[in-house]
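> Pasting a structure below so you can have a look.
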Ligand SMILES: Cc1ncc(C[n+]2csc(CCOP(=O)(O)OP(=O)(O)O)c2C)c(N)n1
Ligand SMILES: [Mg+2]
């Protein structure tokens, strides 16, 4: 039994019983008891009346009490006094009295102290656990980790003992932080900068992370942070040239090398290479981020993971994620919990994130009491069993001290660690805000609070560590630098403005979309190799009989050159890419098997449960194939994969939603990163979203991937939205993603029921030859006989196709739009030409009129044909009916009307009686049915 668990189960009766046993026969008790009693007797001169045992036991419990709860008494808040006492830390709680204070006890569990009076012991406990550092770590169940922390904290009583040189360094850091803000304040009056003032210790904390991480072998730190102090961090940690920062503040600032719309200065990213004071090289990269607090967290994790993967950093010590949070955001945003939840998962771990909370005890105007239901803003982090260091940001030495400990902890245990730096916000939320409207008392205190630099300078002068002249010289030197930089930009604006995209791994790729089709067929021999590998498994590896049969059938079908289905085409696409040296990474809920039991990319042995990845075992020189079942999150996982794609442009990275509509749980990532990171930050991504979509009577939530929302987000060739209807189209669009000279996110509507639809198969020669078709015209009809052309996208095509076949209809053509965005203008023009004799042109969608692609397609199709009409489900609040019967009825009507009825037409099984009529999007503009079709030149 370990000492700590022993004590946590302490029970007086048990101790006494064990003590009696030990007295009779020392070997009759466990080793830890034996050590304890030996030490105890030593201390007691071999006399142990039972009240002494009781007092000694109390002393041990007291040590554990302080380890556990000491943080409640720590002096953490610069604005108020610490709690004087805590009921659970009163002497009486441990069966002790003031009369015991001067008695000597064995202090054994406390590291580095064998005997002490109770008074002395309480002193060291308070120094260690209740001074300006409060630490929570006793929730960590792993004994070696607790021991390690105790060793580090108790031996030196958590007291920094810094050399004069280090104190000078620290003061300098604080000067940088303070003077930078003051300079901005005085030179760019009234401009928003989200000042760091009140939280200046953040700069030495971050600088310590950089130094310490670099000296422990790290080569890269990827940072994510919000607005607070970001400019300060850019200048003083990332060393973004002051000239560039100042230029962004200038009235007439125009970013010079910017494509797209850019972003405000306190969201921009930056990266730089630094040589640390210790002489090590380290790359720092601050991720650009949107206003949405904490949204950048998983993105940073994904970026870091990609780098670790590319550098084969299997120990995850070379690259470290560093996330800086606000107190209100850390407690409030669910994404924080989701991101913490990534930290120990095989597919997502990054070897430990260093979290720093700038805990200014306010969020905009909201006080902690309104911002959280927890004692600390960091409580959510306890779920992953990592230490949480609360530190008073007005004790910069303590802040640096815990940071060193935190970095060492991360590098030793590869776990997350949290530094909660208590501080305050000197001004309002931004510089234009008046904080005393809402926090009069707090701001009264803050007004009287001297800046940290002053407090620390005075302390060092009093200690004799520095002279007043030396500090003045420090200040003047730094101010001189800032002034010189400002003067420089007045005469010569800096050359490299904005983010520098398309370098490093992105070199050779273009920011611009090219629309020319690209050949993506694969030699039959390669497909055969992949197919063989899919059927292979280690000897005596017994898969489930149904899976064995599926594999066997798939192989036989391929060998006999039968058409392939959707899942097979997908596996062949992945397999061909990895064989060609393109890594593939797919994650999503239940992605390994596939939600619809369609993929089986991982096989499991029925006896041992062991797994086997056929696509990772095709050839020795192939690229990696990784597939992960994700945690049950959308936002964090999509953010992570987006981040991964940013740093690995030459890998195919895919995220699969369980059902397409769940993507809305990641809407922040879609809206703020996926569709606009290129425009805001010149950062492209080739991420693929697989979103099961299609109306099959499964109810409101399992029908629609909300294609309309993605289409609404399209602009400036930012993303690709495709809805492929055949396995070969899916195969080619996946491969195309990696074969073109640019990377843009690909939003793919993917099937459910037609994973097993008899018509949804492709002959193998469609995989060996050709490319992705943005539009598929109808080769089955005689164009001259066609009177009606139906445009559609996705699954409804098969419903129309089957009905047309059974009815023997020959005058209706079906044109499939396989790529909705970028809009396939040329191929559509060709389709119009082909069917120019037709009389009716109708868009058919199974989605409701206010959903689906119609409102996106209408104005675009209208540029080609002004008389375009629609057939669709009626406008509705929810995407689909909950009744399968109603669904079937609606679907039948939709298909019948589309093929034979009059358009425009809205389908609704049970029209709502009292609804106010709504004008359809093209009511009032409808062409006369008889009017001749007019094909407009574009
Ligand atoms: C998701 C989200 N909700 C709301 C906001 C608006 N907002 C910006 S800063 C802020 C307060 C943040 O407080 P805190 O996290 O403590 O950081 P601080 O500004 O105090 O440093 C709020 C509500 C936002 N940016 N993002
Ligand atoms: Mg705050």
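The values are calculated or read from the model by the stated rules, or taken from the named source; none is laboratory data. Everything numeric here is computed off the predicted structure, so don't read it as measured data. Counting neighbours? That spans all protein chains shown, and the Cβs are built from the backbone with ideal geometry, glycine included.
> Condition first: assigned to a loop (DSSP other than H, G, I, E, B), touching a helix residue (DSSP H, G or I) at 6+ places or on another chain (Cβ under 7 Å), under 20 Å from residue 76 (Cα atoms) and within 16 Å of ligand 2 (Cβ to nearest atom). Now tell me which residues in segment 426-465 satisfy that.
426
> Ok, one more. Exactly one condition in (1) within 16 Å of residue 183 (Cβ to Cβ); (2) touching a strand residue (DSSP E or B) at 6+ places or on another chain (Cβ under 8 Å); (3) away from ligand 2 (no atom under 16 Å from the Cβ); (4) not in a loop (DSSP other than H, G, I, E, B) is not met by residue 240; state its number.
With (1) within 16 Å of residue 183 (Cβ to Cβ); (2) touching a strand residue (DSSP E or B) at 6+ places or on another chain (Cβ under 8 Å); (3) away from ligand 2 (no atom under 16 Å from the Cβ); (4) not in a loop (DSSP other than H, G, I, E, B) applied to residue 240, the lone miss is (4).
> Further question on the same structure: Of all residues in segment 741-770, how many are touching a helix residue (DSSP H, G or I) at 6+ places or on another chain (Cβ under 8 Å) and either surrounded by 18 or more Cβ atoms within 10 Å (Cβ to Cβ) or at positive phi (or both)?
18
> Please return the ranges of helices (runs of 4 or more DSSP H) entirely within segment 677-784 where 3 or more residues are touching a residue at least 60 places away in the same chain (Cβ under 8 Å). Spell out the reasoning first.
On the way: elements: 677-681, 707-712, 727-739, 765-768.
Once the helices (runs of 4 or more DSSP H) in segment 677-784 are filtered for at least 3 residues that are touching a residue at least 60 places away in the same chain (Cβ under 8 Å), what remains is 677-681, 707-712, 727-739.
> Can you report the number of residues in segment 648-662 which are assigned to a helix (DSSP H, G or I) and surrounded by 24 or more Cβ atoms within 10 Å (Cβ to Cβ)? Spell out the reasoning first.
Going through segment 648-662, the residues assigned to a helix (DSSP H, G or I) turn out to be 660-662.
Then keep just the ones that are surrounded by 24 or more Cβ atoms within 10 Å (Cβ to Cβ); that gives 660.
Total meeting the criteria: 1.
> If you take the residues in segment 340-378 that are assigned to a helix (DSSP H, G or I) and closer than 21 Å to residue 628 by Cα, which one is nearest to ligand 2 (Cβ to nearest atom)?
Of the residues in segment 340-378, the ones assigned to a helix (DSSP H, G or I) are 340-342, 368-371.
Applying the additional criterion that residues be closer than 21 Å to residue 628 by Cα yields 340-342.
On the way: 340: 19, 341: 23, 342: 24 Å.
Within segment 340-378, the match that is nearest to ligand 2 (Cβ to nearest atom) is 340.
> I've got another one for you. Would you check if there is a residue in segment 276-296 being within 16 Å of ligand 2 (Cβ to nearest atom), crowded, with 24+ Cβ neighbours inside 10 Å and under 21 Å from residue 638 (Cβ atoms)?
Checking segment 276-296: at least one residue is within 16 Å of ligand 2 (Cβ to nearest atom), crowded, with 24+ Cβ neighbours inside 10 Å and under 21 Å from residue 638 (Cβ atoms).
> Would you check if residue 520 is surrounded by 16 or more Cβ atoms within 10 Å (Cβ to Cβ), under 25 Å from residue 612 (Cβ atoms) and touching a helix residue (DSSP H, G or I) at 6+ places or on another chain (Cβ under 9 Å)?
Details: surrounded by 16 or more Cβ atoms within 10 Å (Cβ to Cβ): yes; under 25 Å from residue 612 (Cβ atoms): no; touching a helix residue (DSSP H, G or I) at 6+ places or on another chain (Cβ under 9 Å): yes.
In short, no.
> Do we find that residue 323 is within 16 Å of ligand 2 (Cβ to nearest atom) and buried (at least 24 other Cβ atoms within 10 Å of the Cβ) in this structure? Give the derivation first.
Working: within 16 Å of ligand 2 (Cβ to nearest atom): yes; buried (at least 24 other Cβ atoms within 10 Å of the Cβ): yes.
Judged against the criteria, residue 323 is a match.
> Would it be correct to say that residue 880 is crowded, with 17+ Cβ neighbours inside 10 Å and either within 42 Å of the chain's Cα centre (by Cα) or more than 18 Å from residue 794 (Cβ to Cβ) (or both)?
Values: crowded, with 17+ Cβ neighbours inside 10 Å: yes; either within 42 Å of the chain's Cα centre (by Cα) or more than 18 Å from residue 794 (Cβ to Cβ) (or both): yes.
Yes.
Residue by residue, here is whether (1) assigned to a helix (DSSP H, G or I); (2) touching a strand residue (DSSP E or B) at 6+ places or on another chain (Cβ under 9 Å); (3) more than 21 Å from residue 726 (Cα to Cα); (4) free of Cβ contacts under 8 Å to residues at least 40 places away in the same chain holds:
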position	(1), (2), (3), (4)
477	yes, no, yes, yes
480	yes, no, yes, yes
485	yes, no, yes, no
488	yes, no, yes, no
508	no, no, yes, no
542	no, no, yes, no
554	yes, yes, no, yes
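> In segment 301-326, what count of residues is obtained for those that are away from ligand 1 (no atom under 16 Å from the Cβ) and either in a loop (DSSP other than H, G, I, E, B) or touching a strand residue (DSSP E or B) at 6+ places or on another chain (Cβ under 6 Å) (or both)? First the steps, then the outcome.
Of the residues in segment 301-326, the ones away from ligand 1 (no atom under 16 Å from the Cβ) are 301-322.
Of the ones still in play, those that are also either in a loop (DSSP other than H, G, I, E, B) or touching a strand residue (DSSP E or B) at 6+ places or on another chain (Cβ under 6 Å) (or both) are 301, 303-304, 307-308, 311-322.
Count: 17.
> Pick from segment 353-378 the residues that are away from ligand 1 (no atom under 15 Å from the Cβ) and buried (at least 24 other Cβ atoms within 10 Å of the Cβ): which of them is farthest from the chain's Cα centre (by Cα)? If you could, list the steps in order and put the result at the bottom.
Going through segment 353-378, the residues away from ligand 1 (no atom under 15 Å from the Cβ) turn out to be 353-354, 373, 375.
Keeping just the survivors that are buried (at least 24 other Cβ atoms within 10 Å of the Cβ) gives 353-354.
Details: 353: 12, 354: 15 Å.
Top of the filtered list is 354.
> Restricting to segment 892-902, name every residue that is closer than 13 Å to residue 799 by Cα, surrounded by fewer than 19 Cβ atoms within 10 Å (Cβ to Cβ) and in contact (Cβ under 8 Å) with a residue 40 or more places away in the chain. Full working, then the answer.
Here is the first cut: in segment 892-902, the ones closer than 13 Å to residue 799 by Cα are 892-899.
Adding the requirement that they be surrounded by fewer than 19 Cβ atoms within 10 Å (Cβ to Cβ) leaves 892-893, 896.
Result: 896, single match.
> Checking residue 427 against (1) within 16 Å of ligand 1 (Cβ to nearest atom); (2) in contact with a strand residue (DSSP E or B) (Cβ under 9 Å, 6 or more places away or on another chain): exactly one of these is not met. Which one?
Residue 427 satisfies every listed condition except (2).
> Only one of these is within 16 Å of the chain's Cα centre (by Cα), within 10 Å of ligand 2 (Cβ to nearest atom) and not in a loop (DSSP other than H, G, I, E, B): 329, 337, 381. Name it. First the steps, then the outcome.
Working: 337 fails: within 10 Å of ligand 2 (Cβ to nearest atom); 381 fails: within 10 Å of ligand 2 (Cβ to nearest atom).
Unique residue meeting the criteria: 329.
> Considering only helices (runs of 4 or more DSSP H) fully contained in segment 1-117, which possess at least 3 residues that are touching a strand residue (DSSP E or B) at 6+ places or on another chain (Cβ under 9 Å), buried (at least 17 other Cβ atoms within 10 Å of the Cβ) and modelled with pLDDT of 95 or more? If you could, list the steps in order and put the result at the bottom.
Details: elements: 3-8, 12-24, 31-44, 50-69.
It comes to 50-69.
> Under the condition of being farther than 12 Å from residue 418 by Cα and in contact with a strand residue (DSSP E or B) (Cβ under 6 Å, 6 or more places away or on another chain), which residue from segment 328-352 is nearest to ligand 1 (Cβ to nearest atom)? Break it down into steps so the answer makes sense when it comes.
Filtering segment 328-352 for residues farther than 12 Å from residue 418 by Cα gives 328-329, 331-339, 341-351.
Going one step further and asking which of them are in contact with a strand residue (DSSP E or B) (Cβ under 6 Å, 6 or more places away or on another chain), we end up with 328, 347, 350.
Values: 328: 3, 347: 26, 350: 23 Å.
Looking at the filtered set, the residue picked out is 328.
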